[in-house]
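A.B. asks: I have a structure here, written as structure tokens, and I will follow up with some questions on it.
A short reminder: the numbers here are calculations on the coordinates, not readings from a lab. In this text the structure is predicted, and so the values were computed from the model without any measurement. Cβ placement follows ideal geometry from the backbone for every residue including glycine, while neighbour counts extend to all protein chains displayed.
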């Protein structure tokens with residue numbers, strides 16, 4: 001039998017031509033470079049599982065492929081496998097050390113796993129590989145902050161801005177570092193860039209804008225909250241100054257704050273929740289108020305906006321506390337913020353329950369847990385380590401009026417900074433604030449914060465150690 005031509009009937013008897021049956025040509029394999037491009041695009045668009053499948057396909061065909069190895073490591077990090085992520089990132093650098101992003105991403109992982117000095121070295125190496133990789137300067141600044149080296153962090157952010165003056169994240173980070181160092185006059189103009197950095201604005205702040213006049217008589221402003229509840233409460237301390245200058249105010253923000261803000265008497269034009277239609281008032285983002293009012297002298301920073309609980313709720317809260325045990329009643333939290341996976345900056349502030357319990361063990365008090373979204377078993381573990389009951393009042397976080405009333409009845413608050421800290425400050429509650437490293441800018445680096453002069457601060461060291469802070473906390477509560 002002679003050779004079968006492509007248009008002949010297929011010898012298998014299917015009735016189809018050979019070229020359409022067993023003579024069909026195998027499709028050409030997709031080039032590896034095309035899979036790389038396709039996988040990176042999927043990764044950038046948030047389709048991490050699809051990207052990971054592409055990287056694994058590449059590595060099946062070309063074991064050790066540096067790009068696929070590195071970004072597969074990044075995908076592993078994003079789904080929580082830090083050990084595999086670090087191993088793959090280091091393998092990719094060994095395979096190709098000339099890619100700045102490899103060093104930068106490894107630095108991010110090391111920074112977020114508490115190895116700041118190693119992270120700094122990675123960011124330095126990224127810039128050595130590619131001096132134009134300006135993101136590494138910004139990331140080096142964040143790692144320097146984690147090491148407690150804020151002046152060097154300022155220099156790193158300025159290096160970013162020297163190469164890219166419109167880098168919004170670097171300007172926001174520069175502002176935070178300057179505020180932490182107690183240099184508000186330099187910081188507030190830079191802080192205006194936070195809206196662009198956080199995707200809340202589409203263009204840079206108006207460079208020609210000026211602070212508000214001393215007299216605001218006849219002007220009507222809408223104070224727009226653009227951050228979380230705690231930050232909103234913090235910046236609303238500037239509302240009385242606006243009224244003192246003659247302005248009338250409305251507030252646009254989270255409805256959970258409306259009742260308590262209405263009782264302050266500062267918002268004569270009302271309170272609305274986003275996205276209600278614009279009222280035609282002049283809009284001021286509340287985070288811009290320190291710049292607009294030139295709050296540059298720490299000796300003259302305004303105190304927290306005073307808040308008062310609803311009388312019936314406050315009375316009921318005091319009765320509940322009395323039933324739980326004798327005074328002093330001390331409210332506790334141990335974690336705040338949002339955990340992230342992958343290169344997004346982690347914002348969790350936390351102290352381990354064992355450390356907190358060791359510091360508080362044996363102190364006479366009725367302990368009230370106000371931790372938002374506690375993990376399963378946390379209250380039981382804390383009570384066991386503390387050797388005393390910890391009454392679970394976490395549900396009060398679902399109703400800020402309830403939390404305000406509860407905090408108005410306790411004697412002290414011990415915890416990391418969160419919305420409840422700001423509520424407590426507005427009640428002039430005795431605050432014992434656990435300041436995780438790196439500190440939020442409002443807590444600065446001093447023994448006390450000019451924003452909360454009555455609060456006692458207990459600082460975690462840059463190396464993660466809480467021991468000295470916990471010894472001081474125990475002495476202050478004993």
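A.B. asks: Could you list, bin by bin from short to long, the percent of Cα-Cα pairs of the stretch 250-339 in 5 Å steps?
C.D. replies: Distribution as computed: 2, 9, 13, 15, 17, 16, 14, 9, 4, 2, 0 percent.
A.B. asks: What is the spin-label model distance, in nm, from residue 373 to residue 37 if the labels are put 7 Å beyond Cα along the C-beta direction?
C.D. replies: Between residue 373 and residue 37, the label points sit 4.0 nm apart.
A.B. asks: Let me ask something else. How compact and how long is the stretch 14-125, expressed as Rg and Dmax of its alpha-carbon atoms in Å?
C.D. replies: Cα-based Rg and Dmax for the stretch 14-125 come out at 18.6, 71 Å.
A.B. asks: So what is the relative contact order of the chain, in percent, for Cα pairs below 8 Å that sit 6 or more residues apart? All intermediate terms of the calculation are to be shown ahead of the outcome.
C.D. replies: Details: 799 pairs, mean separation 50.6, N = 478.
Relative contact order for the chain comes out at 11 percent.
A.B. asks: Tilt of helix 134-146 relative to the longest C-alpha principal axis of the chain, in degrees (0 to 90, nearest 10)?
C.D. replies: 40
A.B. asks: Taking the Cβ-Cβ separation of residue 244 and residue 322 as r and a Förster radius of 30 Å, what is the calculated FRET efficiency to the nearest 0.05? If you can, show how the numbers build up before the last one.
C.D. replies: Values: r = 40 Å, r/R0 = 1.33.
So the FRET efficiency works out to roughly 0.15.
A.B. asks: Please rank 467, 417, 208, fewest neighbouring Cβ atoms within 10 Å first, as an exposure proxy.
C.D. replies: Fewest-to-most Cβ neighbours within 10 Å comes out as 208, 467, 417.
A.B. asks: Just the number, please: percent antiparallel of the DSSP beta bridges in the stretch 311-477, rounded to the nearest 5.
C.D. replies: Values: 3 of 22 bridges.
So the antiparallel bridges amount to about 15 percent of the total.
A.B. asks: Still on this structure: Restricting everything to alpha-carbon atoms, can you work out Rg to Rh for the stretch 344-412 with a Kirkwood hydrodynamic radius? Each step should come with its number before you reach the end.
C.D. replies: Numbers: Rg = 13.2 Å, Rh = 13.3 Å.
Ratio value, two decimals: 0.99.
A.B. asks: At 0.36 nm per residue, minus the direct Cα-Cα distance, what do residue 363 and residue 308 gain on full extension? Give it in nm, one decimal, please. If you can, show how the numbers build up before the last one.
C.D. replies: Working: separation 55, 0.36 × 55 = 19.80 nm, distance 2.95 nm.
Value of the extension gain: 16.9 nm.
A.B. asks: Continuing with this model, one more query. For the stretch 201-258, report the % of Cα-Cα distances exceeding 18 Å.
C.D. replies: Details: 759 of 1653 pairs.
For the stretch 201-258, the fraction of Cα-Cα distances above 18 Å is 46 percent.
A.B. asks: Per 10 Å bin from zero, what fraction in whole % of the C-alpha pairs of the stretch 220-300 is there, up to the bin with the longest pair?
C.D. replies: Taking every Cα pair in the stretch 220-300, the percentages come to 18, 57, 23, 2.
A.B. asks: Separate question: Computed from the mean reciprocal separation of all distinct C-alpha pairs, what Kirkwood hydrodynamic radius does the stretch 117-262 have, in Å? Before the final figure, lay out the partial values.
C.D. replies: Details: mean 1/r = 0.0576 Å⁻¹.
Computed over the stretch 117-262, the radius equals 17.4 Å.
A.B. asks: What FRET efficiency comes out for residue 411 versus residue 217 if R0 is 51 angstrom and r is the Cβ-Cβ distance? Round to the nearest 0.05.
C.D. replies: Numbers: r = 43 Å, r/R0 = 0.84.
Efficiency at R0 = 51 Å is approximately 0.75.
A.B. asks: Test of understanding: ordering 70, 65 by Cβ neighbours within 10 Å, fewest first, what list do you get?
C.D. replies: On the way: 70 25, 65 20.
Neighbour counts put them in this order, fewest first: 65, 70.
A.B. asks: Based on the Kirkwood radius over alpha-carbon pairs, what value in µm²/s does the Stokes-Einstein equation return for the translational diffusion coefficient of the stretch 311-477 at 20 °C and 1.002 mPa s? Each step should come with its number before you reach the end.
C.D. replies: Values: Rh = 16.2 Å.
The Stokes-Einstein estimate is 132 µm²/s.
A.B. asks: State the extension gain, in nm to one decimal, for the chain segment bounded by residue 7 and residue 204, taking 0.36 nm per residue of separation less the distance between their alpha-carbons. Write out the running numbers ahead of the final one.
C.D. replies: Working: separation 197, 0.36 × 197 = 70.92 nm, distance 6.64 nm.
So the chain would gain 64.3 nm between residue 7 and residue 204.
A.B. asks: Measuring from centroid to centroid over Cα atoms, what is the spacing of the stretch 278-342 and the stretch 178-249 in Å?
C.D. replies: 18
A.B. asks: In addition: Can you give me the relative contact order of the stretch 311-477 as a percent, contacts being Cα pairs under 8 Å and 6 or more apart? Please report the intermediate quantities before stating the final value.
C.D. replies: Details: 273 pairs, mean separation 37.1, N = 167.
Relative contact order comes out at 22 percent.
A.B. asks: May I ask what percent, to the nearest 5, of DSSP beta bridges between residues of the chain are antiparallel?
C.D. replies: Numbers: 4 of 34 bridges.
Counting only bridges with both partners in the chain, antiparallel ones make up about 10 percent.
A.B. asks: Over all distinct Cα pairs, what is the inverse of the mean 1/r for the stretch 83-155, reported as the Kirkwood hydrodynamic radius in Å?
C.D. replies: On the way: mean 1/r = 0.0838 Å⁻¹.
Mean inverse Cα-Cα distance, inverted, gives 11.9 Å.
A.B. asks: How long are the semi-axes of the ellipsoid equivalent to the stretch 210-364, from square roots of 5 times the Cα gyration tensor eigenvalues, in whole Å, largest first? Don't jump to the answer; show the numbers that get you there.
C.D. replies: Details: eigenvalues 239, 95, 56 Å².
Equivalent-ellipsoid dimensions as semi-axes: 35, 22, 17 Å.
A.B. asks: Suppose only helical runs count, i.e. DSSP H with n ≥ 4. What mean residue ellipticity at 222 nm does that imply for the chain under -39500 (n - 2.57) per run, divided by all residues and rounded to the nearest 500 deg cm²/dmol? Working shown, then result.
C.D. replies: Numbers: 21 runs with 215 residues, N = 478.
Only helices count here, giving -13500 deg cm²/dmol.
A.B. asks: How big is the stretch 380-478 by the Kirkwood estimate over distinct Cα pairs, in Å? Before the final figure, lay out each step's value.
C.D. replies: Numbers: mean 1/r = 0.0683 Å⁻¹.
The answer is 14.6 Å.
A.B. asks: Where does each of 276, 81 land when they are ranked from fewest to most other beta-carbon atoms within 10 angstrom?
C.D. replies: Details: 276 9, 81 15.
Starting with the residue having the fewest Cβ neighbours, the order is 276, 81.
A.B. asks: Work out how much length residue 98 to residue 118 would gain on full extension: take 0.36 nm times their residue separation and subtract the Cα-Cα distance, in nm to one decimal.
C.D. replies: Details: separation 20, 0.36 × 20 = 7.20 nm, distance 1.84 nm.
Result: 5.4 nm gained on full extension.
A.B. asks: Another question, if that's okay. How large is log10 I(q)/I(0) at q = 0.09, 0.10, 0.12, 0.13 Å⁻¹ when the Debye formula is applied to the Cα atoms of the chain, each weighted equally and without solvent?
C.D. replies: Each listed q corresponds, in turn, to -0.73, -0.87, -1.17, -1.30.
A.B. asks: Run through the DSSP bridge list for the stretch 414-478 and note the antiparallel percent, rounded to the nearest 5.
C.D. replies: Values: 1 of 8 bridges.
Once the DSSP bridges in the stretch 414-478 are tallied, antiparallel ones form about 10 percent.
A.B. asks: Let me check I have the definition right: for the stretch 146-185, take the eigenvalues of the Cα gyration tensor, multiply each by 5, take square roots. What are those semi-axes in whole Å, largest first?
C.D. replies: Values: eigenvalues 56, 27, 12 Å².
Sorted largest first and rounded, they come to 17, 12, 8 Å.
A.B. asks: For the stretch 32-192, what's the radius of gyration and Dmax over Cα atoms, in angstrom?
C.D. replies: Answer for the stretch 32-192, Rg first and Dmax second: 17.2, 57 Å.
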